[in-house]
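Following: one structure in structure tokens, then a few remarks.
We did not get these values from a lab; they are worked out from the coordinates using the rules stated. Since the model is a prediction, treat every value here as computed from it, not as a measurement. So basically every Cβ, Gly included, is an ideal-geometry build from the backbone, and we count neighbours across all protein chains shown.
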Amino acid sequence: MAIGRRLPLLLMLVPASALADRPQGVCVQVSLDFTPTDNLQIVGWLEKPDGTYIDTVYITQKVGRFGLGNRPGRADFNTGSPMNDTFPYGRRINAFPVWAHKHGLQFPKVVFQNEDESNLSHPFAQSSPENPPPYCRPIQPTESTFDSGSCASAAFTDKGKFAPNGETSLYPPRSDIDRRPGVDSSAVDMYRALNPFDAVSHPTPIGGVSSSASWAAPLSVDYGSYVLVVETSKTYDFNGTYNETTYPSPMDIQWRDYGKAWRGQPSIIYKVPFSIADTATRALTDTYAGYGDPLGQSGDLRPPDATITTATPGSGASRFELVSDATEMFRVRVRSTPELDAVAPDELGAAEAREVTDSSAQVAFTASGDDGMMGNLSGYEVRVRVGSPMTAENFTASSPVTTSFTVSPAGTMQTIDVSGLLPETEYYVGIRPYDNCFNSGPLTVTKFTTQFRQTPEVPWCFVATAAYGSVMANDVEMLRRFRDAFLTRTVMGELAVETYYTFGPAVAGVVGESDLLRASARAFLAPIVDTVRRLAY
């Protein structure tokens, strides 16, 4: 079967019926099957055959929860390693342009608090910690951690504010943070309430591993014909038409040597017509339907053409693997399964925290089932709370835990890792099971306290970075260049650097979490910065 063929292969085991009312109590589970390649961002939505949008059924959390499409900074900012796209700034308006123009919602546009949209470095008084850290500080390609995609140090980032001129975005703001008073804008308090996609957000799936996403169709979705549309985007997906030459790094900004140009082939769209009926249906496609605007400025679906790569695994139209399942070949498959299900999952076995460190814990419990203890669950909603006990009433207001895990069979041990925690802090973690009709079981809560601080691994300019809130603050950059140009070239200078590297990380870990200590550190560093400035200039 030719991978690059233009006509989709569709298999409809049950013909689409005319629209009809679904009986009360009949749950219809719509499942999306695919095998992604590495580092994909994915969104799937349901629409009518005439293109009318109905609902978003699946979205990766970088856009759906962490605000990738609506965060401060220019859209053409560089980014970090393709293994783990963690730079915190630069709104990706070209992530899912077809979906963004289709869903019909608008959100306030998020900009930097000082409105300097071309600057990667921001004042310490407007930069709060990333905790847990979906984003790391921007780094240069020459730094040792760039290719690994890991965080070089704790990051302090400007969480932004709403654009004062009333500009809007087609993407939601991030919903994973709580406002830090005195540092973050009051707008941060509204981010979570404005984001309607958090409930269908999922961690980026692992490349090469078969994935399935499920969505319970509400009663407003009657029997009839529908289309499941999937849009994918990927950084560094270069070819002869879309690459770092045609979409280069911005040259008119101060921090242009941080990160790399990442804009390659645009978003790729797959379409699967299928039916929701009183019996099970299945449909699939093995080819793409078109692509989105490379700049994200329109929602037009552009037809397949020679600018898109079709025969390279992981690239262009082959971002989803071609899967052979018995007699079927597909890149995207949709299954619709009706069932009568009013039975909620049972309560989980007692939860306990294991392997508690200064920043993480593993929560273990006995898994429940789909119907009571029968069958397998669809998943767990996990949330964390600090400072006060978690209850059924405040569960949904607590912070969601974003982690990947495989659901264990009913009656067996289930473990879930919780990371990004603060040391010496009391946490409550709540877990609520749900089945494939989104019937929810009782809430289970466990409490634990994280351990004393361990010495963190922090790179150069530890204290200065913590004090100024950004490794790219002008004074920090000056100190780093002075170190590289002068200190490391003399014996006494090398001794000073080695001493600093021995004691700096522990000090920086404490300084970074205290506004008072950060202010004190800046006062201490001020005469050193003045001396370095005179030597340099």
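With θ taken as phi - 60° and the Karplus curve 6.51 cos²θ - 1.76 cosθ + 1.60 applied, the whole-hertz 3J(HN,Hα) list for the range 171-177 is 10, x, x, 5, 10, 9, 10 Hz, x standing for glycine and proline. Annotation: amide H of residue 323 within the under-5 Å range of 330, 331, sequence separation 5 or more or interchain, hydrogens built in the peptide plane. Applying 1/(1 + (r/R0)^6) with R0 = 30 Å to the Cβ-Cβ distance of residue 180 and residue 354 gives a FRET efficiency near 0.50.
In whole Å, what is the distance between the alpha-carbon centres of the range 355-431 and the range 45-109? The distance from the Cα centre of the range 355-431 to that of the range 45-109 comes to 27 Å. Distance between the C-alpha centres of the range 232-261 and the range 134-187: 20 Å, rounded to the whole angstrom. Taking 16 Å as the straight-line reach from the Cα of residue 260, the lysines in range (excluding those fewer than 8 positions away in the same chain) are 234.
Can you tell me which lysines have their Cα less than 18 Å from the Cα of residue 109? Leave out same-chain residues fewer than eight positions away. The reachable lysines, counting only those whose Cα sits under 18 Å from residue 109, are 62, 159, 161. The modelled label-to-label distance for the pair residue 140/residue 312, using points 7 Å beyond Cα in the direction of Cβ, is 2.9 nm.
Expressed in nm to one decimal, what extension gain is obtained for the pair residue 324 and residue 165 from 0.36 nm per residue of sequence separation less their Cα-Cα distance? Kindly include the intermediate steps, with their values, before the conclusion.
Values: separation 159, 0.36 × 159 = 57.24 nm, distance 5.20 nm.
That works out to 52.0 nm of additional length.
Distance between the modelled labels on residue 440 and residue 280, one decimal in nanometres: 2.9 nm (7 Å Cα→Cβ projection).
Summing charges over neighbours of residue 346, with a neighbour being any other residue whose Cβ is under 13 Å away from its Cβ, gives -3 when K and R count +1 and D and E count -1. Multiplying the residue separation of residue 393 and residue 212 by 0.36 nm and removing their Cα-Cα distance gives an extension gain of 62.1 nm.
For the range 312-327, the Karplus equation 6.51 cos²θ - 1.76 cosθ + 1.60, evaluated at θ = phi - 60°, returns couplings of 9, x, x, 10, x, 5, 9, 5, 9, 5, 7, 9, 9, 10, 6, 9 Hz by residue, with Gly and Pro reported as x.
Computed from backbone phi, the HN-Hα couplings of the range 30-41 come to 9, 10, 10, 10, 6, 10, x, 8, 5, 6, 8, 9 Hz, rounded to whole numbers (Karplus: 6.51 cos²θ - 1.76 cosθ + 1.60, θ = phi - 60°; Gly and Pro given as x).
For the peptides 323-336, 282-295, the ranking by mean Cβ contacts within 10 Å, running from highest to lowest, is 282-295, 323-336. For the peptides 107-119, 298-310, the ranking by mean Cβ contacts within 10 Å, running from highest to lowest, is 107-119, 298-310. Note on residue 447: aspartates and glutamates with a C-alpha under 19 Å away, same-chain residues under 8 apart excluded, are 347, 352, 355, 358, 381, 393, 417, 424, 426.
Averaging the sequence gap over all C-alpha pairs within less than 8 Å and six or more residues apart, then dividing by the number of residues, gives the range 352-449 a relative contact order of 37 percent.
Judged by the mean number of other Cβ atoms found within 10 Å, the most tightly packed of the peptides 77-86, 412-421, 245-254 leads the ranking 77-86, 412-421, 245-254.
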